[in-house]
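The values are calculated or read from the model by the stated rules, or taken from the named source; none is laboratory data. Because the structure is a prediction, the values reported are computed rather than measured. Note that each Cβ is placed from the backbone with ideal geometry, even for glycine, and that neighbours are counted across all protein chains shown.
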Amino acid sequence: MSVLIDGTTKLLVQGITGRDGSFHARQMIEYGTQVVGGVVPGKGGQVFEGDVPIFDTVAEAMDATGADASVIYVPPAFAADAIYEAADAGVLLIVAITEGIPVLDMTRAMPFVAERGSRLVGPNCPGLISPGKSKVGILPGQICTPGPVGVVSRSGTLTYEVIHHLTGAGIGQSTCIGIGGDPIIGTNFIDCLSLFEEDPETRAVVMIGEIGGTDEQEAAAFVESDMETPVVGFIAGQTAPPGRRMGHAGAIISGSEGTAKEKMEAFEGHGIAVARRPADIVDLVRQSLG
Amino acid sequence: MKIHEYQARKIFRDHGLPVPPERVAGTPAEAEAAARELGGPVVIKAQVHVGGRGKAGGVKLASDPASAREAAGAILGMDIKGLEVGKVLVAPAVDIEHEAYVGIIVDRASQCPVLMVSAAGGVDIEDVARTTPEKIHKAEIDPRYGLLNHQAMGLGFDLYDDLPRVRAAADLFRRLYEAFLASDASLAEVNPLVVTRQGEVLAIDAKMNLDDNALFRHPEFEELRDPASEEPAETMAREKGLSYVKLDGTVGCIVNGAGLAMATMDLIKYYGAEPANFLDIGGSSNPEKVVSAMRIILSDPNVKAILFNIFGGITRCDDVANGIVKALEQLEVDVPIVIRLTGTNEKEALEILRSVNLPATNSMDEVVQKAIELAKGAAR
């Protein structure tokens, strides 16, 4: 089993002819994802890679394909509009890869998406993958292998690092979700943890956090109160100086909130095993799988 | 992006907030002239991008132009939390009856702008938030409707008892929210918001942080950037599209992705050394970026070894390898380089590196330990 996406997921790619969109559309198709259409205003009627129809609007694409998910690769200035358009067309799962969307744009997009019953993953995220079934986004498929571990993370390449260790140790993944590094994101740790908790085949979860905010602390409390599935944690940014933005807009320590130390203590306080280095995650996961 | 108080005051004033006039001075003589022009007692405030200026001695009262000159002389050139004061603000001193705090931030948890006020204004609002959170009153602003009248009035009543003051404060809150929205700010703050002995509600301070991600639609803000408040290497990194923060250690690191970059710094610490920097080359893998990254790191005299930690995804390992080769040709590299590459086009990358006799590993732990060992042995 897996969460959010599987072999039946029919995907649209918004911005399929762009530099990133076309590259990753090809990669997703190669991986086995059912890419049923692309959306680029003004390129409706064209065909991508011989067999993926392109539409002018998401609404047209939905009518023609009955897609249930859409992935967004459009530039930051237009990304919020792309999210509105997907939600208005009734796309259930919207995955926004775009990095650099103004935060006030996201404050407006969030209630809009929620009112239309869609789920947004991201923005500024690598997307998600259910190994062997489907991938939506930019996660490298070759490092993943199917198995019982759910992975949820605020990072991109750090997630790859962790998956690489798991796969190298023969531990497969049910679904890996990159929730994104921005201050305002559509799907948070707790949303993913509860999906993993409900998934009978996810037997352990790895949660990868970083400095900034209090999402990890809240997720830790949720793990203790609402989860049977064991969770292993890792926090990046122990050496980050306060008050500085560390690349991710979300990764900034302000005041006493959001230090790595605080988060690691919250994890430990709520019964989550904390890895000191990415490589240590493997042993902790092995122990929790029993 | 942080901007100075005098710049934020102008933005606030443009949106109709009651902000007293000010002058900016770069020398004691200019401060004296400003004080004479404004007339009466003045306050001299250091213009630096950190909080806690008052505690650090960066804010002084001056009763006349001569003492304004003296105060400015003491503050200019002062080091506040590692930043040198290059400019002071000169503003009329006001007779304060009451001080409060007002701020708007984008709140991660409620996912919307939140207006906060506290009657315990003036100094350390973070302390108030930590020790007596009940003294901070908040309103979540639905961005579709803006700050509603009853919210603004409600927070006004949290600060004051009499209606004229409440109305004046509510009006100020609305204008502050307008300034916040129009500027795509991530923070807009007045600390303190004062009531004068004459009963006037005034913003005698202004602080604003602008959303870096929204600067593309505000070309007018580019001139507000103060290069003197940034490490030259950080300016160069920003211009090259790299994300760089200088730290104090000896192991320079070049990594793709912010999370992996932080985890690499942490691992350096784990093995007993200190990272020299945070540097994220980002998702694209233009070889030129790698050359710029190397140039930036080599400009730090503390760096004794450089480590690359690249997990190819969008970033192609061969592009990074080509960048390393280019950097070796173009730059005088006088420290050892250790490389970890894995992922997209790893094989091609290893071949490129082999041609210049650079070994590479695919283990992050290994590369960090190696870099630390070399940094310890190296003299520069």
Please tell me if residue B:102 is crowded, with 19+ Cβ neighbours inside 10 Å and assigned to a loop (DSSP other than H, G, I, E, B).
-> no
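From B:279, B:224, B:242, which residue is crowded, with 22+ Cβ neighbours inside 10 Å, over 20 Å from residue B:82 (Cα atoms) and in contact with a strand residue (DSSP E or B) (Cβ under 9 Å, 6 or more places away or on another chain)? Working first, answer last.
Working: B:224 fails: crowded, with 22+ Cβ neighbours inside 10 Å; B:242 fails: crowded, with 22+ Cβ neighbours inside 10 Å.
Unique residue meeting the criteria: B:279.
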Residue pairs within 7 Å by beta carbon, gap of at least six or interchain, first lying in the stretch B:225-248 and on the phi > 0 side of the Ramachandran plot, second surrounded by 16 or more Cβ atoms within 10 Å (Cβ to Cβ), listed first then second, are B:241/B:282; B:241/B:289
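How many of the residues in the stretch B:180-209 are under 15 Å from the mean Cα position of the chain (by Cα), surrounded by 23 or more Cβ atoms within 10 Å (Cβ to Cβ) and of a type in the set (A, V, I, L, M, F, W, C)?
The total comes to 3.
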Please enumerate the residues belonging to the stretch A:167-183 that are within 14 Å of chain B (Cβ to nearest Cβ) and surrounded by fewer than 24 Cβ atoms within 10 Å (Cβ to Cβ).
-> A:167, A:168, A:169
Any chance you could count how many residues in the stretch B:324-343 are surrounded by fewer than 24 Cβ atoms within 10 Å (Cβ to Cβ) and not in a strand (DSSP E or B)?
-> 12
Residue hits (the stretch A:235-246; more than 8 Å from chain B (Cβ to nearest Cβ) and modelled with pLDDT of 90 or more) are A:235
What is the residue count in the stretch A:42-60 for residues that are in contact with a Ser or Thr (Cβ under 8 Å, 6 or more places away or on another chain) and of a type in the set (A, V, I, L, M, F, W, C)?
-> 3
Yes or no: residue B:66 crowded, with 22+ Cβ neighbours inside 10 Å and either out of contact with any His (no Cβ under 9 Å at 6 or more places or on another chain) or on the phi > 0 side of the Ramachandran plot (or both)?
-> no
Of all residues in the stretch B:252-273, which are more than 11 Å from chain A (Cβ to nearest Cβ) and either surrounded by 15 or more Cβ atoms within 10 Å (Cβ to Cβ) or part of a helix (DSSP H, G or I) (or both)?
-> B:252, B:254
Go through (1) touching a residue at least 24 places away in the same chain (Cβ under 8 Å); (2) over 20 Å from residue B:2 (Cα atoms); (3) within 14 Å of chain A (Cβ to nearest Cβ); (4) within 25 Å of the chain's Cα centre (by Cα) and name the single condition residue B:111 misses.
-> (1)
Got at least one residue in the stretch B:363-377 being modelled with pLDDT under 95, away from chain A (no Cβ under 14 Å), assigned to a strand (DSSP E or B) and buried (at least 19 other Cβ atoms within 10 Å of the Cβ)?
-> no
Give the residue that is nearest to residue A:112 (Cα to Cα), with candidates limited to residues of the stretch B:114-123 that are in contact (Cβ under 8 Å) with a residue 40 or more places away in the chain and surrounded by fewer than 18 Cβ atoms within 10 Å (Cβ to Cβ).
-> B:119
Cβ pairs under 6 Å, 6+ apart or interchain, first in the stretch B:323-342 and farther than 17 Å from residue B:252 by Cβ and in the same structural domain as residue B:257 (by TED's automatic domain parsing), second of a type outside the set (Val, Ile, Thr) and part of a loop (DSSP other than H, G, I, E, B), ordered by first then second residue, are B:342/B:362
Determine which single condition residue A:196 fails, assuming it passes every other condition in (1) over 13 Å from the mean Cα position of the chain (by Cα); (2) surrounded by fewer than 24 Cβ atoms within 10 Å (Cβ to Cβ); (3) of a type outside the set (S, T, N, Q).
-> (2)
Test for residue B:273: is it in contact with a Gly (Cβ under 8 Å, 6 or more places away or on another chain), among the small types (Gly, Ala, Ser) and touching a residue at least 40 places away in the same chain (Cβ under 8 Å) | yes
Give me the pairs, please: first residue somewhere in the stretch B:253-267 and within 14 Å of residue A:159 (Cβ to Cβ), second residue anywhere and crowded, with 24+ Cβ neighbours inside 10 Å and among the basic types (Lys, Arg), beta-carbon distance under 8 Å, and either six or more positions apart or on two chains.
-> B:259/A:154
Among the residues of the stretch B:84-93, the number that are buried (at least 18 other Cβ atoms within 10 Å of the Cβ) and touching a residue at least 60 places away in the same chain (Cβ under 8 Å) is 5
Identify the single condition in (1) part of a helix (DSSP H, G or I); (2) buried (at least 20 other Cβ atoms within 10 Å of the Cβ) that residue B:306 does not satisfy, given that it satisfies every other one.
-> (1)
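Conditions (1) of a type in the set (D, E, K, R); (2) within 20 Å of residue A:240 (Cα to Cα), marked per residue:
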{"site": "B:278", "(1), (2)": "no, yes"}
{"site": "B:341", "(1), (2)": "no, no"}
{"site": "B:350", "(1), (2)": "no, no"}
{"site": "B:353", "(1), (2)": "no, no"}
{"site": "B:373", "(1), (2)": "yes, no"}
Name the strands (runs of 3 or more DSSP E) wholly within the stretch A:92-157 that hold at least 2 residues that are more than 8 Å from chain B (Cβ to nearest Cβ) and either surrounded by fewer than 24 Cβ atoms within 10 Å (Cβ to Cβ) or modelled with pLDDT under 95 (or both)?
-> A:146-153
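Pick from B:136, B:141: which is of a type in the set (Val, Ile, Thr), without any contact (Cβ under 8 Å) to a residue 60 or more places away in the chain, under 30 Å from residue A:80 (Cβ atoms) and within 13 Å of another protein chain (Cβ to nearest Cβ)?
B:141
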Identify the single condition in (1) under 30 Å from residue B:269 (Cα atoms); (2) part of a helix (DSSP H, G or I); (3) small (Gly, Ala, Ser) that residue B:241 does not satisfy, given that it satisfies every other one.
-> (2)
Being farther than 19 Å from residue A:132 by Cα, of a type in the set (A, V, I, L, M), in contact with an Asp or Glu (Cβ under 7 Å, 6 or more places away or on another chain) and surrounded by 15 or more Cβ atoms within 10 Å (Cβ to Cβ), is that true of even one residue in the stretch A:68-90?
-> yes
